[in-house]
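Here the structure comes first, spelled out in structure tokens, and everything after it is commentary.
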Amino acid sequence: MKKLLISLLCYSSITMAETRPWTDEEKYWGTALGVALLADWSSTRYAARHGWDGVIENNILLGSTPSVSKLDRHFVIGIPLLYFGLDQIDKNRKYFIMGATAIEFVAARNNARVGLRFQF
């Protein structure tokens, strides 16, 4: 994990000057993505704090019943990496952001459907 983070930091220092600024529409979608990510994170944390009573996590990176600390690590590392990756996309960035937003919105909606609360 340390090697991955160091590699990303080195790569980012080389490529940050080459990325184009986000358009206003990309910023709006990026904000929607952030809201959806926080909703997914908070509702999944709720499940972890309450013992995964009758629900399982579908993210294969996390396993079926991750701990709160594992969830926190996943989101604290994953969110900046996601935005860094999106920043590196030049063409069709908006569509990648829209796709990620849709995925996260569906995850948060499914969490709400099974009775998970949006609560940190």
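The values are calculated or read from the model by the stated rules, or taken from the named source; none is laboratory data. Treat the numbers as computed from the prediction; the structure is a model and nothing was measured. Because the Cβ atoms are built from the backbone with ideal geometry, glycine has one as well, and the counts that use them run over all protein chains shown.
A few comments on the model shown:
- Test: residue in region 51-67 that is surrounded by 14 or more Cβ atoms within 10 Å (Cβ to Cβ), without any contact (Cβ under 8 Å) to a residue 40 or more places away in the chain and in a helix (DSSP H, G or I): no
- Verdict on LYS3 being at pLDDT below 95, among the charged types (D, E, K, R), out of contact with any strand residue (DSSP E or B) (no Cβ under 8 Å at 6 or more places or on another chain) and not in a loop (DSSP other than H, G, I, E, B): yes
- Residue selected from region 78-99 under the condition within 11 Å of the chain's Cα centre (by Cα) and without any contact (Cβ under 8 Å) to a residue 60 or more places away in the chain, by the criterion surrounded by the fewest Cβ atoms within 10 Å (Cβ to Cβ): PRO80
- Those residues of region 35-84 which are polar (S, T, N, Q) and over 15 Å from GLY115 (Cβ atoms), in sequence order: ASN58, ASN59, SER64, THR65, SER67, SER69
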